[in-house]
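These notes are about the structure you will find just below.
None of the figures in this text is laboratory data; all of them are computed from the coordinates on show. Because the structure is a prediction, the values reported are computed rather than measured. Methodologically, a virtual Cβ is constructed for each residue, glycine included, from the backbone with ideal geometry; neighbour enumeration extends over all protein chains shown.
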Amino acid sequence: MDRFEKAYRDPIPRPPRRRRNALTGNAVFTGALFLATMALATDAIDPDALKRLVVQDCGSCHGLTLKGGLGPDLRPETIEHYDVEVLRDVILDGIPDTPMPPWRPLMSEAEAEWVARYLLSPEDMQ
Ligand code: HEC
């Protein structure tokens, strides 16, 4: 289970429950904060997690093979007229008043751009 699967189903992030005692509590907290900051700072793209997200989450509306379902066909030949930036912004902000949700709470701009490039040209993004 990666963070996308979890977060999409449970949109309210809940901090992990942490048991503290007076002596080590503060050190444990500082360590956790440091790790969290490191994770954000590297902002690494995880292609496998993003590919799973496309199949499982985007696929739940756009069809498992992205041929379309509730949401339209997202195969390369269908969306080739869109620029990467347009697709990236649709992914980040969604389409208001439609079921297409904004993904900004769940992914960085770099990740959304990766997904946009992957949709346009999957064979170049292995
Ligand atoms: C809850 C259902 C749902 C999910 C999940 C979803 N979409 Fe959509 N998406 C839609 C719908 C419905 C539309 C069409 C909205 C409209 O009427 O214009 C759409 C439209 C789009 C469009 C515009 C397509 C076009 O030709 O105009 C893109 C691009 C897109 N989605 C990408 C994604 C991606 C990438 C993901 C996963 C990160 C995703 N969607 C997840 C429902 C969804």
Looking at W103, V86, G63, which one has the Cα that reaches farthest to the positive end of the dipole of the stretch 47-125 (charges on Cβ: Lys, Arg +1; Asp, Glu -1)?
G63
Along the Cα-to-C-beta direction of T65, a point sits 7 Å from the Cα; which residues of the stretch 96-126 have their amide N less than 19 Å from that point?
119-123
Just want the ordering: H81, H62, from fewest to most Cβ atoms lying within 10 Å of their own Cβ.
H81, H62
With a ≥ b ≥ c the root eigenvalues of the C-alpha gyration tensor of the stretch 47-125, is it rounded (a/c under 1.5), prolate (a/b larger than b/c) or oblate?
rounded
